[in-house]
1. If you go through the stretch B:210-241, how many residues are in contact with a helix residue (DSSP H, G or I) (Cβ under 8 Å, 6 or more places away or on another chain) and at positive phi?
2. Under 30 Å from B:Ala211 (Cα atoms), more than 9 Å from every other protein chain (Cβ to nearest Cβ) and modelled with pLDDT of 95 or more: does that describe B:Ala158?
3. Hey, does the stretch A:306-322 have a residue that's facing chain B (nearest Cβ under 10 Å), closer than 30 Å to A:Val474 by Cβ and out of contact with any Phe, Trp or Tyr (no Cβ under 7 Å at 6 or more places or on another chain)?
4. Closer than 30 Å to B:Leu91 by Cβ, of a type outside the set (Asp, Glu) and either more than 9 Å from chain B (Cβ to nearest Cβ) or crowded, with 21+ Cβ neighbours inside 10 Å (or both): is that true of A:Thr354 in this structure?
5. Restricting to the stretch B:336-384, what's the tally of residues that are in contact with an Asp or Glu (Cβ under 6 Å, 6 or more places away or on another chain) and assigned to a helix (DSSP H, G or I)?
6. So, in the stretch B:425-470, of the ones that are within 12 Å of B:Ala88 (Cα to Cα), charged (D, E, K, R) and in a helix (DSSP H, G or I), which residue ends up most open to solvent (accessible area, probe 1.4 Å)?
7. Kindly check whether there is at least one residue in the stretch B:77-84 that is at the interface with chain A (Cβ under 7 Å from one of its Cβ atoms) and open to solvent by 20 Å² or more (accessible area, probe 1.4 Å).
Protein chains: 2
Amino acid sequence: MPQPARLTALPAPVRDPFAARWPLASTVSDRERGPLPHGSPGAVLRRAAEVLGEPRVPLTGVGEPAALDLIAGLLDEHGIDLSHPHAAAHLQPPVLQVAVDADALASASNASLDTYDSGPATLAIEQWVVRALASLAGFGPRADGVLTPGGSISNLLAVLIARDSAAAAAGLDVRRNGLQGFERPVVFCSELAHFSVQRACAALGLGEHAAITIPSDENFRMRVDVLSEELAKPGRTPVAVIATAGTTDFGSIDLIAPIAELAREYGVWLHVDAAYGFGALFSDRLAPLLADVPLADSVTLDLHKIGWQPAATSVLLVADRNRFAAFGRSVDYLNPADDIDSGLDGLLGRSLQTTRRPDAVKVATTLTAYGRAGLGSMLDTCHELAQAAAARIVADSNLELLAPVTLTTVVFRFAAQGASDELQGEVRRRLLTSGRVLIGRTRLPGGRGIALKLTLLNPNATATDIEDLLDQVVATGLDVLTGEGAA
Amino acid sequence: MPQPARLTALPAPVRDPFAARWPLASTVSDRERGPLPHGSPGAVLRRAAEVLGEPRVPLTGVGEPAALDLIAGLLDEHGIDLSHPHAAAHLQPPVLQVAVDADALASASNASLDTYDSGPATLAIEQWVVRALASLAGFGPRADGVLTPGGSISNLLAVLIARDSAAAAAGLDVRRNGLQGFERPVVFCSELAHFSVQRACAALGLGEHAAITIPSDENFRMRVDVLSEELAKPGRTPVAVIATAGTTDFGSIDLIAPIAELAREYGVWLHVDAAYGFGALFSDRLAPLLADVPLADSVTLDLHKIGWQPAATSVLLVADRNRFAAFGRSVDYLNPADDIDSGLDGLLGRSLQTTRRPDAVKVATTLTAYGRAGLGSMLDTCHELAQAAAARIVADSNLELLAPVTLTTVVFRFAAQGASDELQGEVRRRLLTSGRVLIGRTRLPGGRGIALKLTLLNPNATATDIEDLLDQVVATGLDVLTGEGAA
């Protein structure tokens, strides 16, 4: 057994030396390395597994400093560096150091949000965060919300509330009696909606086929005319319409106002998945894109996307707090009636979790530290980078821009003569295993092939960084095309 | 907009000055204060809300140091101090400082577990943790697992896998087509099983009534004879039997071997909810209680209970990794087939989450730092405290012990002449609002009334601390009984 001597120094996360401007965290010290370790995935994971050794809980420990060194070393050598300006794959941003510091306070307190006596201060902090965000979204005083472990879970909770609400309208008590007798429940969303909608339908017992996917228009938005036709079809029980404000792959924003009008006409729950797009509300320039969000019954937003928070910092907002009744529970050991009468309540009735980590601590700290103007400025910088990348792509005969820039996503392909679909994937993999450049990929709707994708969420990256990144994409594409420098 | 100057010093979590032995974290600096702030819940939450001010995202920020001061001050003044020896209410332990330090590294990296290129090192770390824990549990090489945001979600995933597996055996594809046609699915568990079982049934579309609760015996364990009768009843489709290894309120452990035999006989999935009890495997003395866990098809364990990790650090283990197929997904932007063929896989197919925080970082660090012996010693200390508390209660004519001590829970009541059920709740509330003592409560099965409860998870607490705590319970009970010192 180790002598549990006090640590005298925290192995502080390495701070980003690129950061002329925004203090972002990183756990990678070699700033020349690139966003990923060099090597094939198999080789990198094998090396990391070797450092960890046989997967057994050791009988005796090595003590805290040695253990922290081991794990910090693994993250340093074999981990991702999201603060690197060439990390541009996913909606997974580098994080603000202040959010990391605040998150450590949340860990140290180990408060939970289910009851008053599992942590009073953090209850107040979560309520403040939820109300501040609801107000930013334009919701009124009846709005409420809850922090969740991710956008997929926020979407699941929204579909769950909508399901039970639609069933209740049909005279069914799903919570007690299950789905038996609920006639063909369906959910409508764009073909570009996040796959967590299908996952939620599967988990909630509706089945993936309950998700009716509506084709998208030339701007990658749900076709409202088709939604209207689908809603009019008989023999189904519509549970929810899900609009996306910031599709995962294109950043496109569905036309919320006409969709809301249809949802109201048919008496269907409107959920807006703004996991990606919500942060546009921080920016004066981009906020008008989200102006119609208050027409929704519920909204998913992820501050671990635009918000620069460590995961997970998702929020489900609901326009009317009474909708949370679906999760209400009276539990003898947590919230018995006589305790509630004495004011001893918590937030157990907001989610499917019992113990719930106070992720709101980092959000409250970040919003207070930076304000809307600070976060808005970070987003504007990323948006400008995306526009610059798009301009550069348009100007390059070896590249083709495939979608307009709405938020911070740029979808394109390597388009030199002879560049196939397969080649796009190969270019990405070759860049990725080089460790120098990390970009994303997706598939265009309508069978229009494979695309490459930049998701630009690093406000310390410069136009020159993005130029260099695209130069490497082109050079690698030409290499693959000519069969040179195979991985 | 603030000048985002680099922080030169992290507002380090206050370290526990009581800690003669184990370095636990705390965010409360006033060590005389008691585990909770003084005052009624309403007053405390009002004061905290006043410090936060109007719930609006401010236009301009105050900068990182001021924001961290504000939030750290809130946690200090109005937060919980789980490292206080009189914090003994819930399965919410004080946390090891080394786990907090490692968790900060996880936040700083912002790696996610869904794909290789969202963080290679943390993929290797999670796989190591899952295999090490599966091995500790006694599972073979086919076992696998996943970290989840809490025991309630682990239980939900287990019931989901069992549901889809039972439906498949009945020729139904629930994932695609939903629950239509699935004849009266039911889940069996003890009346003392965690309420997340009912919550899972409601969420998954089975309905709370699908949870058939089996009465418990005099030792608070599921009655196997009644389970046998219930399993024999016709007209139902058994989805799962859920045994509890460490009930939330009594720490009692169901008789896993005969339950497993019944489950096998009827071909039903056996899930063991060892959220509380799994940590017994760290202790030579207590490990035999969990010896039959390898008979299960799946196991929930929470290292944010016995394990002293910040929430959430739950794990769902499955005996056969193929059972995760229920969550498999191929997504164009994350894991397209040609990437998988090139070794570019992740852990997307293990859960309902997409972005998933690397909670395994703190677990790997803690297991390496302390080993089984270190954590076992912490647990043995807590177990001894519980036994000492039970002995003290038995010896006190004003107190009555209501359940045997199995793990670290002590269930009792204030039993002076004239002490009613209502009085138990009043005693707890009065102690809680005094801020000096935080104990739990529950309800005995079979209508046998309200009980008080100690959950002893602080290995730095001493027998004297617990003596003092019980003295205060008795003094407060007598005060309430004589109408003195009303809150």
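The values are calculated or read from the model by the stated rules, or taken from the named source; none is laboratory data. What you are looking at is a predicted structure, and each value in this text was computed from that prediction instead of being measured. Counting neighbours? That spans all protein chains shown, and the Cβs are built from the backbone with ideal geometry, glycine included. Note: areas computed on protein heavy atoms with side chains; ligands, DNA, RNA excluded. Shrake-Rupley method; radii C 1.70, N 1.55, O 1.52, S 1.80 Å.
1. 1
2. yes
3. First pass over the stretch A:306-322, keeping only residues facing chain B (nearest Cβ under 10 Å): A:308-314.
In the following step, the residues that additionally are closer than 30 Å to A:Val474 by Cβ were identified as A:308.
Right, trim to out of contact with any Phe, Trp or Tyr (no Cβ under 7 Å at 6 or more places or on another chain) and you get A:308.
There is at least one residue in the stretch A:306-322 that is facing chain B (nearest Cβ under 10 Å), closer than 30 Å to A:Val474 by Cβ and out of contact with any Phe, Trp or Tyr (no Cβ under 7 Å at 6 or more places or on another chain).
4. Numbers: closer than 30 Å to B:Leu91 by Cβ: yes; of a type outside the set (Asp, Glu): yes; either more than 9 Å from chain B (Cβ to nearest Cβ) or crowded, with 21+ Cβ neighbours inside 10 Å (or both): yes.
Taking the combined requirement at face value, the residue satisfies it.
5. Selection size over the stretch B:336-384: 4.
6. B:Asp465
7. No, the stretch B:77-84 contains no residue that is at the interface with chain A (Cβ under 7 Å from one of its Cβ atoms) and open to solvent by 20 Å² or more (accessible area, probe 1.4 Å).
Residues are listed down the side, and each one gets a yes or a no for (1) under 30 Å from B:Pro459 (Cβ atoms); (2) touching a Pro at 6+ places or on another chain (Cβ under 9 Å); (3) modelled with pLDDT of 95 or more:
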position	(1), (2), (3)
B:Phe188	no, yes, yes
B:Ser196	yes, no, yes
B:Ala211	no, no, yes
B:Pro238	no, yes, yes
B:Gly279	yes, no, yes
